[in-house]
1. Among what's in region 62-89 and is among the β-branched types (Val, Ile, Thr) and at pLDDT below 90, pick the residue that is nearest to LEU41 (Cα to Cα).
2. Could you please find all residues in region 95-108 being under 16 Å from PHE47 (Cβ atoms) and not in a loop (DSSP other than H, G, I, E, B)?
3. Can you pull out every residue in region 54-91 that is part of a loop (DSSP other than H, G, I, E, B), in contact with a Gly (Cβ under 9 Å, 6 or more places away or on another chain) and open to solvent by 50 Å² or more (accessible area, probe 1.4 Å)?
4. Quick one: what pairs do we get from region 69-87, first residue more than 11 Å from PHE53 (Cα to Cα), second among the basic types (Lys, Arg), C-beta under 8 Å, 6+ apart or different chains?
5. Can you tell me how many residues in region 92-114 are modelled with pLDDT of 90 or more and surrounded by 13 or more Cβ atoms within 10 Å (Cβ to Cβ)?
Amino acid sequence: DIESIYTGNSSFNQVIDWLLKDPDPKQQCEDSNFIERYALLNANYAFNPTIPFIARDEQCRWNSIACIEGKVVSIELSEQGLEEDITIPTELKLISNLTTFRLGKNFEPAIRMILI
């Protein structure tokens, strides 16, 4: 029962909700990129960026993702507005071709500056 099983507001629930609401076939478990997409969605919701890095199109078209032969090899999350204390989700290890993961300029003092 989709209405009762996947309730709540945890990052896991947000990922499941996002996947269930997308009618595109790339969301189906049979799709060869489903696991990568699932892992990237988990990262987006776990990091809670002020600028989400996910989109409804294929993940190799996302600005923060680089792919080779249709497989994710790099994630670049500079200037996404990530919190200073983030937990990197274990689901990222599901991206078997991932060789580069950069958080870049998320934690510069200018981002935390308070204007008086």
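The values are calculated or read from the model by the stated rules, or taken from the named source; none is laboratory data. As the structure is a computational prediction, the values presented were derived from the model and not from experiment. Cβ coordinates were reconstructed from backbone atoms using ideal geometry, including for glycine residues, and neighbour counts include every protein chain displayed. Protein only, heavy atoms only, side chains kept; ligands, DNA and RNA dropped before computing areas. Shrake-Rupley method; radii C 1.70, N 1.55, O 1.52, S 1.80 Å.
1. Restricting to residues being among the β-branched types (Val, Ile, Thr) and at pLDDT below 90, the top hit is ILE88.
2. Across region 95-108, the qualifying residues are PHE101, ARG102, GLY104, LYS105, ASN106.
3. Those that are part of a loop (DSSP other than H, G, I, E, B), in contact with a Gly (Cβ under 9 Å, 6 or more places away or on another chain) and open to solvent by 50 Å² or more (accessible area, probe 1.4 Å): GLU58, GLU79.
4. Matching pairs, first to second residue: SER74/ARG102; GLU84/ARG112.
5. So the answer is 5.
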